[in-house]
Amino acid sequence: MIKSFKQTFLSLDLQSPRWSSVEDYELRQYETAKWVSTVIRGETQKEAMRQGFWKLFHYIQGKNEKEVKIDMTVPVTCLVKSGCTDFKISFFVDQMVKNQFFLEDI
C-alpha cells in the first residue's frame, strides 16, 4: 500500500508543535511556538515552497552562523497573503533547540 506524503512524514517520529483539532476535519490550531522562516519573493507558490524548503533545510543541516545542525521537524508551512508575491516558508523549531542558540535571519 502506498502511504500519503502526510503519513510518511508523520511516521518518521519528527518533532512538531502541539496542536488540537478544531472541527471534524483536520484544521489545526497550533500553540505558541518558535519557527525559523524565510521569505521567497515573486515566484509561484509551488516554486516558493521548493526554494524555501531547500533554503531552510540547508540552514538546519549546519549552513548557519554557528554551524549547528538542527533536527528536522514538521510541519513545513507556507504563509500566502492575498495579492502579495511574498511567500513565507517556515519550519517549527523544537523547544530544546531554541534555548540553545539565537537563530539569525536567513
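The values are calculated or read from the model by the stated rules, or taken from the named source; none is laboratory data. If you're wondering where the values come from, they're calculated on a predicted model, not measured in any experiment. Here the Cβ positions follow ideal geometry from the backbone for every residue, glycine too, while neighbour counts run over all protein chains shown.
State whether the residues of the range 38-53 include one that is modelled with pLDDT of 85 or more, in a helix (DSSP H, G or I), within 14 Å of the chain's Cα centre (by Cα) and surrounded by fewer than 14 Cβ atoms within 10 Å (Cβ to Cβ). Within the range 38-53, none of the residues are modelled with pLDDT of 85 or more, in a helix (DSSP H, G or I), within 14 Å of the chain's Cα centre (by Cα) and surrounded by fewer than 14 Cβ atoms within 10 Å (Cβ to Cβ). Only residues that are of a type in the set (A, V, I, L, M) and either more than 10 Å from the chain's Cα centre (by Cα) or exposed (fewer than 12 other Cβ atoms within 10 Å of the Cβ) (or both) were counted in the range 54-86, giving 5.
Being at pLDDT below 85, of a type in the set (D, E, K, R), within 16 Å of Trp35 (Cα to Cα) and crowded, with 17+ Cβ neighbours inside 10 Å is a property that holds for Asp94.
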